[in-house]
């Protein structure tokens, strides 16, 4: 029974091998009364006819394997005729002995001539177009002018046509004599102000402030003072502090004064600072407060000295410090407008003399002023400036030098 099951499963999987059933002999113990299956007869088919080869291929009809092919005559399907190839200009560039393509010419198109019109019709048409455009513009302006809001007519404001305003350059002022400049500064000062204006000097120098060897700074004592009260602070202890108080110093102190400045929030009650050499290391705590305001004591300016009384008297009598800024300009106040002309002239001469003494060594020219002092302008605190000639400044500086030597 197991052999029969195996045979049936094999026949299901391989139906083409059903002939094996006739060859299988059942065993004697199967006790089956079924007759064996009849044998399967083979089936033969007629050979497939082959097409007749063309004459030129008759020699190639023989093959080394199969021999001559069957030359049975069979009808051949007719094929449609092939159209002749169409040559393009791009193909003719690469084909030899190609047919010549005849050029094609098209008839030229001519615009139709206008109708006969009278002489001057163009000018009349242009004038008509201009009048029509002007009429349209007038109608638009009228409609715009009569525009209404909630039934109320509204007239629009006619704005003026924008025009280009030419820039009028101010005429450059001509340098004048020092005496005339002082007189003009005094007359230009406004008497209605609630303070007395200061006479200021602004000097443009021909040096480079970025170079360390061309730094210009100095100090001088004006012969007639600055005209304002100067509050002096002295950093000293012991006998030096007593001398400062006797000379008229407003603020005197040591470490306690430094602490007051450091914790005071930037509020200072003095205009000048004088210190003894022993206090300079201690002033580093307030250097960021005094330095930007120009109050830091400096040995080159005479504010660091052991002669405290002399320094206080000089500061009270009108000592002025000047220094070039980053734009190579020196700004300094040289008195008040209520000073006499002669007093202002002597103060200006003293400043010019000190400015020449502060001239850098590496800046050498043919003259004391050429290449060093470019422009000297004199003005009041809120008044216009007046340029001053260099020869008149030189005369005032020489006069002050002679008076000082004598």
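The values are calculated or read from the model by the stated rules, or taken from the named source; none is laboratory data. On a predicted model such as this, the values are computed, not experimentally measured, just so you know. Reconstructed Cβ throughout: ideal geometry from the backbone, glycine too, with neighbour counts over all protein chains shown.
Would you point out which residue out of 240, 201, 249 is in contact with a helix residue (DSSP H, G or I) (Cβ under 7 Å, 6 or more places away or on another chain), in the same structural domain as residue 186 (by TED's automatic domain parsing) and either crowded, with 16+ Cβ neighbours inside 10 Å or without any contact (Cβ under 8 Å) to a residue 60 or more places away in the chain (or both)? Step through it out loud before you land on a result.
Numbers: 240 fails: in the same structural domain as residue 186 (by TED's automatic domain parsing); 249 fails: in the same structural domain as residue 186 (by TED's automatic domain parsing).
Residue meeting the stated conditions: 201.
Of all the criteria given as (1) loosely packed, with under 13 Cβ neighbours inside 10 Å; (2) assigned to a helix (DSSP H, G or I), the one not satisfied by residue 310 is (1).
Restricted to the stretch 259-272, and to residues there that are surrounded by fewer than 10 Cβ atoms within 10 Å (Cβ to Cβ) and outside any helix (DSSP H, G or I), the residue that is modelled with the highest pLDDT is 267.
Would you pick out the residues in the stretch 204-225 that are in contact with a helix residue (DSSP H, G or I) (Cβ under 9 Å, 6 or more places away or on another chain) and more than 21 Å from residue 308 (Cα to Cα)?
Step one: filter the stretch 204-225 for residues in contact with a helix residue (DSSP H, G or I) (Cβ under 9 Å, 6 or more places away or on another chain), giving 205, 207-208, 216-225.
Once the filter is applied, which keeps residues that are in contact with a helix residue (DSSP H, G or I) (Cβ under 9 Å, 6 or more places away or on another chain) and more than 21 Å from residue 308 (Cα to Cα), the stretch 204-225 yields 205, 207, 208, 216, 217, 224.
Within the stretch 204-236, the set of residues being free of Cβ contacts under 8 Å to residues at least 40 places away in the same chain and either over 40 Å from the mean Cα position of the chain (by Cα) or surrounded by 18 or more Cβ atoms within 10 Å (Cβ to Cβ) (or both) comprises 229 only.
When you check residue 256 against the structure, is it at pLDDT 85 or above, more than 48 Å from the chain's Cα centre (by Cα) and either within 12 Å of residue 315 (Cβ to Cβ) or not in a loop (DSSP other than H, G, I, E, B) (or both), yes or no? Spell out how you get there, then give the answer.
Working: at pLDDT 85 or above: yes; more than 48 Å from the chain's Cα centre (by Cα): yes; either within 12 Å of residue 315 (Cβ to Cβ) or not in a loop (DSSP other than H, G, I, E, B) (or both): yes.
It is true that residue 256 is at pLDDT 85 or above, more than 48 Å from the chain's Cα centre (by Cα) and either within 12 Å of residue 315 (Cβ to Cβ) or not in a loop (DSSP other than H, G, I, E, B) (or both).
Could we say that residue 328 is without any contact (Cβ under 8 Å) to a residue 40 or more places away in the chain, more than 24 Å from residue 182 (Cβ to Cβ) and surrounded by fewer than 21 Cβ atoms within 10 Å (Cβ to Cβ) here? Taking the combined requirement at face value, the residue does not satisfy it.
Going through the stretch 279-301 one residue at a time, which ones are in a helix (DSSP H, G or I), over 18 Å from residue 263 (Cα atoms) and touching a residue at least 24 places away in the same chain (Cβ under 8 Å)? Before the answer, list the steps.
Narrowing the stretch 279-301 to residues in a helix (DSSP H, G or I): 279, 282-290, 299-301.
When the remaining residues are screened for being over 18 Å from residue 263 (Cα atoms), the result is 279, 299-301.
The answer is 279, 300, 301.
Listed residues 368, 375, 316; which is at pLDDT below 85, more than 18 Å from residue 218 (Cβ to Cβ) and either touching a helix residue (DSSP H, G or I) at 6+ places or on another chain (Cβ under 9 Å) or not in a helix (DSSP H, G or I) (or both)?
Working: 368 fails: more than 18 Å from residue 218 (Cβ to Cβ); 375 fails: at pLDDT below 85.
Exactly one of 368, 375, 316 is at pLDDT below 85, more than 18 Å from residue 218 (Cβ to Cβ) and either touching a helix residue (DSSP H, G or I) at 6+ places or on another chain (Cβ under 9 Å) or not in a helix (DSSP H, G or I) (or both), namely 316.
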